[in-house]
Amino acid sequence: MKYRQEINTAFKNSIPVMMGYLVLGFAFGLLMVSYQYAWYWTALMSIFIYAGALQFAAVGFFSAKLGLIDIAIASFFINIRQSFYGLSMLKKYAHTKWAKPYLIHTLTDETYAVLTSIKTDPKLSQKHYALFLSAFNQSYWVIGSIAGALFGAAVHFDTRGVAFSLTALFVVLTIEQYKAQHNATPFIIGAIASVTALMLLGSNMLLGAILLSLAILFGLRSQIERGAQHGA
């Protein structure tokens with residue numbers, strides 16, 4: 001089979017995401033049907049929106065009957081962090097041609113973490129490896145969310161607290177990033193920036209934390225790079 005090695009490597013590296021996405025997708029499906037949405041809306045959101053945190057938040061937006069402008073603004077600020085991911089992937093995705101639109105659509109936090117923290121054989125087709133990894137990860141989310149919606153429609157389930165599973169996955173990914181980089185400085189900066197932004201901006205802290213983190217990281221870029229080389 002053509003690209004067998006890329007498929008096998010992508011599947012192997014996607015297994016940690018699979019463990020999280022099946023559970024998180026299931027939780028999202030349960031949450032959707034608890035608000036009386038049909039299961040197919042869950043499937044459509046997971047295929048065409050495919051943004052875990054935003055999908056969880058969107059359920060609250062819809063139930064509160066927010067206007068389209070309000071939803072658009074909130075969605076922008078929730079997902080603006082992925083613009084920074086995209087900038088760092090410009091070189092990696094430069095020659096992906098027809099696959100680029102799908103790779104952009106499926107560049108979630110977890111897919112980005114795998115692509116940037118797990119080294120692969122340079123002999124692999126990086127375009128096809130990234131494509132298969134992205135497709136595997138999205139399939140886990142879609143399957144999990146549909147399963148959760150169908151289960152929730154058939155069995156009454158208390159959904160309080162299930163959204164915390166998304167936070168738990170981010171914690172695990174942060175730990176994996178640290179184990180791959182062996183440099184605590186960026187994580188300390190991120191923590192300090194987040195606490196500072198929370199104190200100054202309250203619930204609107206996300207964008208402020210990202211911008212403050214970037215400013216500090218760029219200012220300390222040479223020291224961080226030297227620390228990473230020393231740790232390696």
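Laboratory data are not the source of any read-out in this text; all were calculated from the coordinates shown. Note that the coordinates shown come from a computational prediction; the quantities given were computed from them, not determined experimentally. Cβ: placed from backbone, ideal geometry, glycine included. Neighbour counts: every protein chain shown.
Side notes on the structure shown:
- Residue-count net charge about LYS127 - beta-carbon cut-off 10 Å; Lys, Arg +1, Asp, Glu -1: +2
- Fluctuation leader among ILE175, ILE210, ILE73 - the chain, Gaussian network, Cα springs under 10 angstrom: ILE73
- Where chymotrypsin sites (Phe, Trp or Tyr not before Pro) fall in DSSP loop in the stretch 40-106, at most 13 other Cβ within 10 Å: none
- C-alpha center-to-center spacing [the stretch 18-43, the stretch 207-222] in angstrom: 35 Å
- Dimensions in Å of the chain - Rg and Dmax from alpha carbons: 18.7, 56
- Those trypsin sites (Lys or Arg not before Pro) in the stretch 28-91 that DSSP places in a loop and that have at most 10 other beta carbons within 10 Å: LYS65, LYS91
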